[in-house]
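Input: a single structure, listed below in structure tokens.
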Amino acid sequence: MRAPSFNLLSWLIAIAALLALPWLVTSDYYVNIASQVVIAAILALSLNLLIGFGGMISLGHAAYLGVAAYLSIYLTAHAGFGHLAGALIAIGATTVLAMLFGYLALRASGLGFLMITLALGQILWGVAYRWASLTGGDNGLGGLKRPHPFGLNLMDPAIFYYFALAFFGIALWCIARFVQSALGQSLQGTRDQPRRMRALGYNVWLIQWLSFVFAGFWGSVAGLLYAYYHQFVSPQTLHLTTSAETLLMVIAGGTGTLLGPVVGAALVVILKNVVSAYITRWLILLGVIFVVIVLFMPEGLVPGITRWVRSLRSRPRADKAADTPSIAKDSAR
Amino acid sequence: MTTPVLEVTGLYRFFGGLPAVRDVSMRIPAGERRLLLGPNGAGKTTFFNLIAGDFPPSQGEIRIFGQNVTRKSANQRTHLGMARTYQIITLFSKNTLLHNVVISLVGLREIRFNPWSDLRRQTPLWDEARATLALVGLEHLADRTVAETSYGERRRLEIAMALAQKPKLLLLDEPLAGLSADERQDVQRLLQSIPRDVTIVMIEHDMDVALAFADVITVMQHGQVVVEGSRADVVADPRTREVYLGH
Amino acid sequence: MNFWIIQGLNGLAFGSLLFILASGFSLIFGLMRIVNLSHGAYFMLGAYVGLSAIEAGVNFWIAILIGGGAICILGTVIERFILRRLNGQPLAQVLVTLGIAFIIADTCVWIWTGDPRPVPMPRELTGAFRVSNLAFPIYRLFVIGVAFALAAALWFLLERSRLGAMIRAGVDDLPMARAMGIRTSLLFSAVFCLGSALAGAGGVLAGPILSVYPGLDSDMLPLALVVVILGGVGSLLGAFVGSLIIGFIYSYGQALFPDLAYVILFLPMVLVLTLRPTGLFGRQAI
């Protein structure tokens with residue numbers, strides 16, 4: 001529950017660097033990658049609320065990215081809504097979806113939670129893939145024009161970057177406040193000692209659900225930006241691989257810290273862009289990275305992964321009666 | 001007659017067909033110090049967990065302050081004025097002692113659903129937490145993490161977490177377990193300083209301390225109540241001896 | 001009327017394939033507490049291996065053995081050398097199986113390209129079985145028969161054999177089983193090997209009905225998860241009933257509302273998780 005140990009000076013330097021980036025990297029290509037990083041970072045920050053601060057390992061976070069992207073493109077480019085209305089409805093509806101998915105996934109904990117989020121996410125992928133009349137199926141959905149808020153030309157890479165960066169700043173600020181708020185601190189308590197939290201008067205389920213919905217909301221904001229950036233969305237956005245990439249951002253950067261996922265997002269997006277320029281086998285590399293991280297670097301490079309793996313391992317002992325996702329549940333008594 | 005603080009009728013709890021608690025009934029009036037005695041596996045902790053609401057009873061009814069809470073969740077019961085400690089220490093080990101107590105305080109306050117204002121800036125809460133720590137003699141360790149404290153200090157923090165909530169019904173599960181003689185005295189003094197209007201139910205194996213503390217003693221075995229009565233009655237009862245000295 | 005019967009048969013056939021996949025997944029999860037996210041990839045890889053065997057001139061039946069055997073070996077190697085190292089770390093195990101699933105999936109695209117490949121049906125099972133004006137494809141009837149025989153064999157294995165008694169003891173209470181002297185490490189290998197072999201052989205068996213294509217793994221894995229969520233953890237009966245329910249829903253859904261076939265899959269999940277989070281036949285919440 002440590003606060004990000006950033007002093008004012010390092011914040012100012014970081015902000016200045018982010019603002020100056022379009023001048024530092026003159027090529028549009030790199031500015032666009034920076035935009036991708038910023039969008040991915042919002043998604044990773046929101047997933048880290050669940051994983052790092054809530055101890056809830058979701059493998060279906062692409063759902064909120066994808067659904068918000070599909071909805072905003074469908075509503076504005078195909079159903080005649082204005083940009084603002086389309087955006088608001090997309091984010092609202094996706095947040096409602098997070099309410100439903102959160103309710104379903106939180107019927108279980110631990111591995112059950114993981115399985116349900118994965119299944120729900122993949123069903124959505126199947127829907128996007130098969131409901132071709134609405135989603136365009138495998139061809140995806142396009143035709144979205146970037147909006148012109150306040151007369152800004154978002155087709156300009158640098159302006160779009162600032163646009164996304166503004167959202168990122170707001171997201172980071174809100175999530176940082178959440179983490180330090182009573183609710184955010186309670187969420188961290190439910191991660192460490194759910195049973196004690198109940199005895200202290202906390203409604204553990206409600207805390208987890210509210211956090212789930214909050215994370216879903218920021219996931220949908222990332223989805224909206226994703227739609228504006230790519231002006232296109234395909235089932236791939238909803239696929240397990242997208243959820244897994246986001247998970248990788250979180251664990252590569254370190255769970256449970258505020259800024260870890262941002263670093264992780266930068267690493268994964270840059271790696272993916274670099275690798276894709278040379279080979280077509282990104283998925284194999286993604287798989288290898290997962291295996292290597294888990295097998296060989298659980299302590300060193302990635303302090304986070306060990307912590308939550310270990311906390312799950314030690315939970316049955318510390319918390320015998322409740323919430324043990326392990327098979328030892330009945331035997332513990 | 002006034003409503004008892006805790007009233008349990010015909011309580012059963014089965015685990016996979018085995019009864020851990022069998023037909024336990026109990027009435028505990030306000031202000032009483034009640035001691036639960038019995039060998040390991042007698043069902044005392046299961047009984048505590050049933051009262052606290054960790055899981056529902058298979059049968060029977062639980063009333064707290066006259067209110068039927070049998071189907072209420074653990075957190076709802078806590079809001080009625082009940083608090084508990086754990087036999088196995090259950091603390092937030094990476095956090096400071098002060099933080100632990102603040103989390104305990106926040107549990108009963110509306111602020112717990114606030115996603116915006118910084119908990120660190122809630123000065124009154126931190127002051128109150130510090131005062132609670134002073135009560136149990138841990139003020140000087142307030143800013144250490146739980147991981148950096150001794151076992152005896154953690155036991156006292158367990159009690160502080162419960163006391164912070166100013167409960168009217170306090171469940172203490174072996175508050176002296178594993179403590180040295182000196183530490184026992186400290187905790188004993190602490191327990192005796194709890195105001196009389198707080199009803200206390202305690203599980204404890206240390207007979208000297210426990211007997212000195214209790215008004216009424218309930219002896220349990222095989223999930224059932226064997227003997228119940230005043231200190232002298234229970235000590236004199238041959239069935240107590242039987243429970244403790246074997247069959 | 002004919003529509004309902006034919007689609008019912010299709011549902012039964014699809015449910016049967018699902019059962020072959022999900023029974024292994026469920027056993028592995030129930031006993032070892034491993035969510036094997038590679039299971040869909042095993043199914044797909046098995047199908048590709050079987051296809052290559054057939055294209056190399058091998059008989060269909062031998063191809064099933066080759067597909068099942070290859071995946072069995074692969075699964076055993078993964079269990080022995082990777083999953084075992086992560087014993088007691090369920091999340092690390094999940095992430096490793098996820099990584100392996102990606103590696104297998106992409107390797108399949110690499111070797112067998114991205115085009116869907118039909119697996120030829122064995123000659124002796126082509127054609128249809130006619131009752132009045134209805135025609136049932138013989139191969140589907142055969143697949144249904146295989147699944148029912150497998151269900152019976154697994155039931156016999158679990159309920160009547162020594163190995164099964166050990167597996168059930170392990171599912172119910174692993175530490176206790178260990179304390180009673182059951183060699184759980186051997187048991188784990190046996191179950192993982194069996195589950196992998198079923199996935200691989202099931203893939204070959206599914207080939208003539210579903211074809212093999214990149215994404216077959218992504219199609220099948222969530223269905224296996226849904227089956228376990230519906231049926232309950234580690235319950236063979238649950239896997240069987242869950243597979244058939246999903247088979248029917250999927251088949252009728254695809255025929256009646258082709259766009260919404262996948263949306264309908266949410267319904268049983270919502271119902272079961274709301275009303276009975278342990279699953280229909282499970283004893284513990286997943």
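Does the stretch C:127-147 hold any residues that are in a helix (DSSP H, G or I) and not charged (D, E, K, R), and which are they?
C:ILE138, C:TYR139, C:LEU141, C:PHE142, C:VAL143, C:ILE144, C:GLY145, C:VAL146, C:ALA147 - these are the residues of the stretch C:127-147 that are in a helix (DSSP H, G or I) and not charged (D, E, K, R).
Quick one: C:ASP172 ticks every box in (1) open to solvent by 70 Å² or more (accessible area, probe 1.4 Å); (2) more than 14 Å from every other protein chain (Cβ to nearest Cβ); (3) of a type outside the set (A, V, I, L, M, F, W, C) bar one, so which box is it?
With (1) open to solvent by 70 Å² or more (accessible area, probe 1.4 Å); (2) more than 14 Å from every other protein chain (Cβ to nearest Cβ); (3) of a type outside the set (A, V, I, L, M, F, W, C) applied to C:ASP172, the lone miss is (2).
Just a yes or no: is a residue in the stretch A:193-211 within 14 Å of another protein chain (Cβ to nearest Cβ), in contact with a strand residue (DSSP E or B) (Cβ under 7 Å, 6 or more places away or on another chain) and either outside any helix (DSSP H, G or I) or in contact (Cβ under 8 Å) with a residue 24 or more places away in the chain (or both)?
no
Output the number of residues of the stretch C:228-249 satisfying the condition of being at pLDDT 90 or above and of a type outside the set (A, V, I, L, M, F, W, C).
Within the stretch C:228-249, residues that are at pLDDT 90 or above and of a type outside the set (A, V, I, L, M, F, W, C) number 5.
Restricting attention to the stretch A:122-156, and to residues there that are among the charged types (D, E, K, R) and at the interface with chain C (Cβ under 10 Å from one of its Cβ atoms), which single residue is surrounded by the fewest Cβ atoms within 10 Å (Cβ to Cβ)?
Top of the filtered list is A:ASP138.
Right, C:LEU141: at pLDDT 90 or above and either buried (at least 22 other Cβ atoms within 10 Å of the Cβ) or touching a strand residue (DSSP E or B) at 6+ places or on another chain (Cβ under 7 Å) (or both) or not?
In short, yes.
Failed condition for B:LEU35, given (1) without any contact (Cβ under 8 Å) to a residue 12 or more places away in the chain; (2) hydrophobic (A, V, I, L, M, F, W, C); (3) open to solvent by less than 50 Å² (accessible area, probe 1.4 Å), with all others met?
Tallying (1) without any contact (Cβ under 8 Å) to a residue 12 or more places away in the chain; (2) hydrophobic (A, V, I, L, M, F, W, C); (3) open to solvent by less than 50 Å² (accessible area, probe 1.4 Å), B:LEU35 fails exactly one: (1).
Take A:THR117 and tell me if it is farther than 30 Å from B:SER104 by Cβ, within 14 Å of chain C (Cβ to nearest Cβ) and in contact with a helix residue (DSSP H, G or I) (Cβ under 7 Å, 6 or more places away or on another chain).
It is true that A:THR117 is farther than 30 Å from B:SER104 by Cβ, within 14 Å of chain C (Cβ to nearest Cβ) and in contact with a helix residue (DSSP H, G or I) (Cβ under 7 Å, 6 or more places away or on another chain).
Could you go through the stretch C:237-248 and let me know if any residue there is of a type outside the set (Gly, Ala, Ser) and crowded, with 24+ Cβ neighbours inside 10 Å. Write out each step before concluding.
Taking the stretch C:237-248 first, the residues of a type outside the set (Gly, Ala, Ser) are C:237, C:240-241, C:244-246, C:248.
Now narrow it down to the ones that are crowded, with 24+ Cβ neighbours inside 10 Å: C:240, C:246.
Yes, the stretch C:237-248 contains at least one residue that is of a type outside the set (Gly, Ala, Ser) and crowded, with 24+ Cβ neighbours inside 10 Å.
Answer yes if at least one residue in the stretch B:65-77 is under 30 Å from A:PHE212 (Cβ atoms) and touching a residue at least 40 places away in the same chain (Cβ under 8 Å), and no otherwise. Spell out the reasoning first.
Of the residues in the stretch B:65-77, the ones under 30 Å from A:PHE212 (Cβ atoms) are B:69-77.
Within this subset, residues satisfying the condition of being touching a residue at least 40 places away in the same chain (Cβ under 8 Å) are none.
Looking for residues that are under 30 Å from A:PHE212 (Cβ atoms) and touching a residue at least 40 places away in the same chain (Cβ under 8 Å), one finds none in the stretch B:65-77, hence no.
Considering A:TYR226, A:TYR162, which residue is away from chain B (no Cβ under 12 Å), open to solvent by 20 Å² or more (accessible area, probe 1.4 Å), within 30 Å of C:ASP106 (Cα to Cα) and assigned to a helix (DSSP H, G or I)?
That would be A:TYR226, the only listed residue that is away from chain B (no Cβ under 12 Å), open to solvent by 20 Å² or more (accessible area, probe 1.4 Å), within 30 Å of C:ASP106 (Cα to Cα) and assigned to a helix (DSSP H, G or I).
Can you work out which of the residues in the stretch B:110-132 that are crowded, with 16+ Cβ neighbours inside 10 Å and aliphatic (A, V, I, L, M) is farthest from the other protein chains (Cβ to nearest Cβ)?
Result: B:ALA129.
Could you say whether any residue in the stretch B:55-68 is within 11 Å of another protein chain (Cβ to nearest Cβ), at pLDDT below 95, within 15 Å of the chain's Cα centre (by Cα) and open to solvent by 10 Å² or more (accessible area, probe 1.4 Å)?
No: the stretch B:55-68 contains no residue that is within 11 Å of another protein chain (Cβ to nearest Cβ), at pLDDT below 95, within 15 Å of the chain's Cα centre (by Cα) and open to solvent by 10 Å² or more (accessible area, probe 1.4 Å).
Filter the stretch B:85-95 down to the residues that are over 17 Å from the mean Cα position of the chain (by Cα) and under 13 Å from B:ARG154 (Cβ atoms), then identify the one that is surrounded by the fewest Cβ atoms within 10 Å (Cβ to Cβ).
Looking at the filtered set, the residue picked out is B:SER93.
Take the residues in the stretch C:75-120 that are small (Gly, Ala, Ser) and open to solvent by less than 30 Å² (accessible area, probe 1.4 Å); name whichever of them is farthest from the other protein chains (Cβ to nearest Cβ).
Among residues in the stretch C:75-120 that are small (Gly, Ala, Ser) and open to solvent by less than 30 Å² (accessible area, probe 1.4 Å), the one farthest from the other protein chains (Cβ to nearest Cβ) is C:GLY75.
For the stretch A:73-80, indicate whether the set of residues that are crowded, with 24+ Cβ neighbours inside 10 Å, in contact (Cβ under 8 Å) with a residue 24 or more places away in the chain and within 14 Å of chain C (Cβ to nearest Cβ) is non-empty.
no
The values are calculated or read from the model by the stated rules, or taken from the named source; none is laboratory data. Note that the structure is predicted; figures quoted are calculated from it, not measured. Every residue, glycine as well, gets a Cβ built from its backbone with ideal geometry; the counts of neighbours run over all protein chains shown. Note: areas computed on protein heavy atoms with side chains; ligands, DNA, RNA excluded. Shrake-Rupley method; radii C 1.70, N 1.55, O 1.52, S 1.80 Å.
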